[in-house]
Amino acid sequence: MTPIDLIPFANYSKKLPSFYLHPNKEKHQSWNMKLFVSHIIDFYLSFGITLFLVNITSIQIESLLFNSKFSSPNEITSSIGFSFLIFPFLLFNYFFFSYFFNDGQTYGMHLTKMRIDQKSKSFNESLRWAAHSMTLCFSFGLSYLWQKSIWNKFRAHDYLYSDFMTYKESSPINLLEKIHEFENEKILEETDWKTAA
């Protein structure tokens, strides 16, 4: 944070310009690397969740049928095929709900301290960003080459976290002074009513 000299503003009773009141947006050269790392984390996280869900459902189906024919190697290949069919749907939903409910940030972006600059709880923007993230994952990062202008809408620092976690200076309340102020206000109100009557 850059220090501000407030003396000229105080001497001439001028307001502070608005760019002093907003946090500085630092330009980082490592945004591209953070973008790819965050999407790799999100890709593997959603792939792991997909495999877990497919294995759980195959175990449930096997336990419902009580049949030993499902313990063959064909079951493993069919569950892997089913996971590849359901994976794009789960990946898209992961990105969409992360962007929608977390104000433009996935778990991978949380780890790399990035956030997409979008409106809060915007359905259309979350849908569009989820489609961009999904194409970036399935093209192994090649879609970044023709979508550079789209992927430049990042915040360099997580301002929501810093706003919530900033230290608020507080001073202890002197209860005796507050009681005396309250009693003085009560006495003034009573005398005002007497003079008005």
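A short reminder: the numbers here are calculations on the coordinates, not readings from a lab. Owing to the predicted nature of the structure, the values given are computational and were not obtained by experimental measurement. Backbone-built Cβ (ideal geometry, glycine too); neighbour counts: all protein chains shown.
Taking Cβ atoms as reference points and 15 Å as the exclusive limit, the residues near S149 contribute a net charge of +2, counting Lys and Arg as +1 and Asp and Glu as -1.
Close amide H contacts of R115 (hydrogens built in the peptide plane, cut-off under 5 Å, sequence separation of 5 or more or a different chain): R155. In this simple spin-label approximation, K113 and F182 carry label points 7 Å from Cα along the Cα→Cβ vector, and these lie 4.5 nm apart. Whole-Hz Karplus values for the stretch 139-151 come out as 8, 6, x, 6, 5, 5, 4, 9, 10, 4, 5, 6, 7 Hz, taken residue by residue from phi with 6.51 cos²θ - 1.76 cosθ + 1.60 and θ = phi - 60°; glycine and proline positions read x. Cross-linked pairs K15/K119; K113/K153; K113/K148; K14/K178; K15/K121; K14/K153: Cα-Cα separations exceed 23 Å for K15/K119; K14/K178; K15/K121; K14/K153.
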